[in-house]
Amino acid sequence: MTHNHVQQENTIETNALTFLFPKGLPGFEQLKKFSLKEHNDIFSLLSAVDQPEVTFITVNPFDFVPDYEFVLPQDTIQELGMKDEKHVSVRCIVTWHSDRLKVSVNLLAPLIFNTVDRKGKQIVLQNTTYTTKHPLWTGSPKTHEGGDS
């Protein structure tokens, strides 16, 4: 391993932010700490710190669905200690498929991050038409980027 390779690995690792999910994620309630690391301009990886094999591909939903919107529940605002909307970040989990046209994003259950206190929570939106399998590439301004297996 060369000196440059080691330097690059260290740089990549420092780009990861660790968030506490007090209640874990649905199906992974026992896992509380997750690191969010940018993979490229489109995708980030959310990995369980204590079980790194539990990793989710995430995207900024507003990059793909510009009119995506919802009201953040008051209990989530309180639970995550949010004081300013500038400190809120939203990501959605992607379901990958070798056929790029079958890659989908879960708009129904976004991940909410308090970027100051480094807390996170996955919420399930109520009374909405959003789904767990919204096509990622359809109608996106980034239709021709990424998506290869």
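The values are calculated or read from the model by the stated rules, or taken from the named source; none is laboratory data. The structure presented is a predicted model; accordingly, all values stated were derived computationally and were not measured. Neighbour counts are summed over all protein chains in view; Cβ atoms, including those assigned to glycine, are modelled from backbone coordinates with ideal geometry. The accessibility values were calculated without ligands, DNA or RNA, using every heavy atom of the protein model including side chains. Shrake-Rupley method; radii C 1.70, N 1.55, O 1.52, S 1.80 Å.
Can you list residue pairs whose Cβ atoms sit under 7 Å apart, with the first residue in the stretch 32-61 being more than 16 Å from residue 112 (Cβ to Cβ) and the second being among the aromatic types (Phe, Trp, Tyr)? Count only pairs 6 or more apart in sequence or on different chains.
Listed by first residue and then by second, the contacts come to 47/34; 48/28; 48/34; 49/34; 54/28; 57/43; 57/96.
Scan the stretch 66-82 and give yes if some residue there is open to solvent by 20 Å² or more (accessible area, probe 1.4 Å), touching a Ser or Thr at 6+ places or on another chain (Cβ under 8 Å) and among the polar types (S, T, N, Q), otherwise no.
No, there is no match, as no residue in the stretch 66-82 is open to solvent by 20 Å² or more (accessible area, probe 1.4 Å), touching a Ser or Thr at 6+ places or on another chain (Cβ under 8 Å) and among the polar types (S, T, N, Q).
So which residues in the stretch 25-36 are buried (at least 17 other Cβ atoms within 10 Å of the Cβ) and not polar (S, T, N, Q)?
Passing the criteria: 25, 32, 34, 36.
Which of the residues belonging to the stretch 95-114 are part of a loop (DSSP other than H, G, I, E, B), out of contact with any Phe, Trp or Tyr (no Cβ under 8 Å at 6 or more places or on another chain) and either modelled with pLDDT of 95 or more or not polar (S, T, N, Q) (or both)?
96, 97, 99, 106, 109
Every residue in the stretch 37-65 that is open to solvent by 70 Å² or more (accessible area, probe 1.4 Å) and in a strand (DSSP E or B), please.
If the condition is that a residue be open to solvent by 70 Å² or more (accessible area, probe 1.4 Å) and in a strand (DSSP E or B), then 38 is the only one that fits.
Considering only the stretch 84-94, how many residues are more than 17 Å from residue 43 (Cβ to Cβ) and either part of a strand (DSSP E or B) or acidic (Asp, Glu) (or both)?
Total meeting the criteria: 3.
Only residues that are at pLDDT 95 or above and assigned to a loop (DSSP other than H, G, I, E, B): list them for the stretch 1-22, please.
21, 22
Could you give every pair whose Cβ atoms fall below 6 Å, whose first residue belongs to the stretch 98-122 and is more than 15 Å from residue 33 (Cα to Cα), and whose second residue is part of a helix (DSSP H, G or I) and at pLDDT below 95, counting only separations of at least 6 or pairs across chains?
116/87
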